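Taken together, the values in this text are just the output of simple stated rules run on the coordinates, not laboratory data. For clarity, every value in this text was computed on a predicted model and none was experimentally measured. With ideal geometry, Cβ positions are generated from the backbone for all residues, glycine too; neighbour counts draw on all protein chains shown.
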Amino acid sequence: MRIKKLAISGMLAALTVALSGFSIPVGASRCFPIQHLVNVLAAVFLGPVYGVSMAFCTSLIRNLMGTGSLLAFPGSMVGAFLSALLFHKTGKLWLTCLGEIIGTGIIGGVLCYPVAVFLMGKEVAVFFFVAPFLISTLAGTIMAAFLLVLLRRLNLFSYFVRLIED
C-alpha cells in the first residue's frame, strides 16, 4: 500500500510540475490552480502525510526550476494538510474542498507574510496574499470538485479508492 501511495504521490507531483506553466499572475504572486486541484485529489485518495509531502516536493521542484516562489510552500502545504485531515475525519467532499480553500487561501496566505518579509525582503501587509491565494485556490478547488463529483457519478470513485488501498 505504501508503494502505491508513494508512486501516485510522485506522479501527482510530476503532473503538477509539468503543468506549472499554467499560471495566472495576480498581484505579487502567481495563481497556480493545478496545485490546488492536485491537493484536493491527494487529500481524498492519499491522506495528509502523502498530500503534504507531495505539495512540499512540488513546491521544492518548482523553486529549483525557477517556475515557483517561496510563497508556494506555506500555501500548498497547509491547504493539502487541512483538506486531507477534513476528508479523513468526515469523508465529505465539500469539507475537503473547504479545507483546501481555508488552508491555502486564508491560513497559507497569512503565513506567506513572514516568508515575504523575512526571506524575500518584501514589504507587504499581513493579508496581502490572501486575495490572490483565494482566487487561485477557488479555481483549482472547483476543478477538483467537478472531477470528484464526476468520478462518483461514473462509479469510479470507489474503484480508485480500492485500487490504491489494495
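Some observations on this one:
- Lysines whose Cα lies under 25 Å from that of LYS5, excluding same-chain neighbours fewer than 8 positions away: LYS89, LYS92
- Dividing the convex hull volume of the alpha carbon atoms of the range 6-71 by its residue count gives 77 Å³ per residue.
- Note on the chain: Cα convex hull, mean projected area over all directions, 8.9 nm².
- Counted charge near GLU165, where neighbours are those whose Cβ lies closer than 14 Å (Asp, Glu -1; Lys, Arg +1): +3
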